[in-house]
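See below for the structure under consideration.
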Amino acid sequence: MEQKAYIIGDETVKKYLTVDDVIQCVEDTWRWYGEGKVVMPNKITTDMEPMGVHGWFNSMPAYIGPMDVAGIKVVGGYDGNRALGLPYIKANILVTDSKTGVLKALMNGDYINDLRTGAQPAVMAKLLASKTDIVTVIGTGLQGYTSLLCMSRVLTMKEVRLCDISEEAMDRFIARFPDAPFRFVKCKSNEEGCRGADVVITVTNANANLVEEPWLKKGSLVMTMGSFRETSFDVVRKADKIAVDQVGQSLHRGNVKELAEMGEITAESFDIIVPDVLAGKATGRTDPDHRIYAQIIGTGMLDVACAGLVLKRIEESGADAFRYDMTK
C-alpha cells in the first residue's frame, strides 16, 4: 500500500478553504457531534513550564464519522515566539487513514485554528442571540478579528463596540474592515462597551473581571473564549441560561473553571449544549429576555474536520501538491 503523505503549508490551506467553508464546517461538525457521529476525547495539556520550557501544548484528537476523517491537532503557546517574529499560538494537524493509521497529511494548522476559533461565536450567536444590533468585542487581537470577520458573514449588526487596553490595537482592528456595513465605536471602558449591548464577546489572554453582571441588559448574550476567567462570577451565577460547546472540557478550562473547582458549577449546570441544539435534541434560547452566558472552549474535532475538507479538495483538484514517501 502506498504511504505518501501531503505536506501542506498555510498558503495552500488558504487556497482551498474559505471563511464561509469554515463557518459551515463548524456548524456541521457540532451537529454531527450532537448526533453521536464524532469521536472526540477531551484535550490533554502538556505544560512544559516545570521543566524550564516557557510553553505548553494541547493534544486534540478526533474522528469525524460523516467525513471518515481521523486526525489530531497539536496546538500550543510559546512565550519566546514573538521575539522570533512568530505568533504566540502555533498549530499543526495530522490527518491519518482511519482504517490503517497511515499518515495522509501533515498540515500547518495556524489558519484553520484562527478561523475556526472565529467561526464558533458566529455560529453560537446565530443560534442563541436575541438581537445582534449592537455587538461588543473585548480584545482586538487576531482572534478578535477572526471572530468579527465570521460574525459579519452570518449576523446583521448595526454597531460594533471595541474595548482594548491599546487604542492603537483598536485602530488597526478597524482598518481591517474598510467596507464594514456597521459603524465602529472605540470605548473608553469595558462598562461603556457592555451597557446596552446585545452581544458581548471576550477574546483575550486575561485572567480578570472584564465584564460585570450589572452592565448586562435583559436578553443579552455573553460569550467568553479565553483560557482563563474573563468575567465576574456573577455573570455566570446570575445568567438565566448557561451554554457550552462541550461539557467535559468546559469544567476544567476557561471562564467557569474556578466556579467548577468551588463546586458551584457541575455538568448539570449547563442548560444549553450547542451541538445538541443543532442536532435537534435540545432547545436553545426560549425567552428573548433571558440573559445567556456561553463559554466557548474550542474542540479539536473542528480543526480535524476543516483539515479533512482541505485534503479532500486537494485530492479532487488533482493539483501537483508535494507528497513525501513515509517509507523512506
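For Thr100 and Thr266, a Förster radius of 35 Å and the Cβ-Cβ distance give a FRET efficiency of 0.30, rounded to the nearest 0.05.
Think of segment 118-298 as a dipole: +1 on every Lys or Arg Cβ, -1 on every Asp or Glu Cβ, centred on the Cα centre; then among Met170, Ile292, Met262, Met170 lies furthest on the positive end.
Exposed loop sites, defined as GluC sites (Glu not before Pro) outside DSSP H, G, I, E and B with at most 16 other Cβ atoms within 10 Å, are absent from the longest region of the chain, namely 36-211. Which log10 I(q)/I(0) values does the chain give at q = 0.06, 0.10, 0.16 Å⁻¹ under the Debye formula, counting every alpha carbon as one identical point scatterer? Computed log10 I(q)/I(0) values: -0.20, -0.58, -1.44. Within the chain, the selection of entire DSSP H helices by a Cα span of 18 Å or greater along the long axis and an average Kyte-Doolittle value of at least 0.0 returns 110-128, 142-154, 300-317. A Cβ-based charge dipole, computed about the Cα centre of segment 34-187 with Lys and Arg at +1 and Asp and Glu at -1, lands at about 400 debye.
In debye, nearest 20: dipole of segment 118-298 around its Cα centre with unit charges on the Cβ of K, R (+) and D, E (-)?
That gives a dipole near 440 debye.
Residue pairs exceeding 32 angstrom between C-alpha atoms, taken from Lys188/Lys238; Lys188/Lys257; Lys257/Lys281; Lys186/Lys218; Lys73/Lys186: Lys73/Lys186. Placing unit charges on the Cβ atoms of the charged side chains and taking the dipole of segment 15-55 about its Cα centre, the candidate lying farthest along the positive direction among Cys25, Pro41, Met51 is Pro41. Counting neighbouring beta carbons within 10 Å and listing from fewest to most, the residues Arg237, Arg176 come out as Arg176, Arg237. As a rough footprinting exposure proxy, the listed residues Arg161, Arg116, Arg253 were ranked by other beta carbons within 10 Å of their own, and the order from fewest upward is Arg253, Arg161, Arg116. Around the Cα centre of the chain, unit charges on the Cβ atoms of Lys, Arg, Asp and Glu (plus for the first two, minus for the last two) sum to a dipole of about 340 debye. When the charge dipole of segment 118-298 is built from unit charges on Cβ atoms (+1 for Lys and Arg, -1 for Asp and Glu) and taken about the Cα centre, the candidate among Val160, Ala243, Ser189 whose Cα reaches farthest toward its positive end is Val160. Rounded to the nearest Hz, the phi-derived 3J(HN,Hα) couplings of segment 225-239 under the Karplus curve 6.51 cos²θ - 1.76 cosθ + 1.60 (θ = phi - 60°) are 10, x, 7, 10, 6, 10, 10, 5, 4, 5, 4, 7, 4, 9, 5, where x marks glycine and proline. Shown for Ile23, Ile201: other C-beta atoms within 10 Å of each C-beta, ranked fewest to most, produce the order Ile23, Ile201.
Modelled spin labels at Glu315 and Gln24, positioned 7 Å past Cα toward Cβ, are 1.9 nm from each other.
At the listed q of 0.09, 0.11, 0.17 Å⁻¹, the Debye profile of segment 118-298, built from one uniform point per Cα, gives log10 I(q)/I(0) equal to -0.27, -0.41, -1.02.
For Gly226, the residues whose amide H sits under 5 Å from its own are Thr204, ignoring neighbours fewer than 5 places away on the same chain, with H placed 1.01 Å from N.
The DSSP beta bridges internal to the chain are antiparallel in roughly 50% of cases.
Values quoted throughout were computed directly from the atomic coordinates according to the rules given, and no laboratory measurement underlies them. These figures come from a predicted structure and were not determined experimentally. Glycine also receives a Cβ, built like all others from the backbone with ideal geometry; neighbour counts cover every protein chain displayed.
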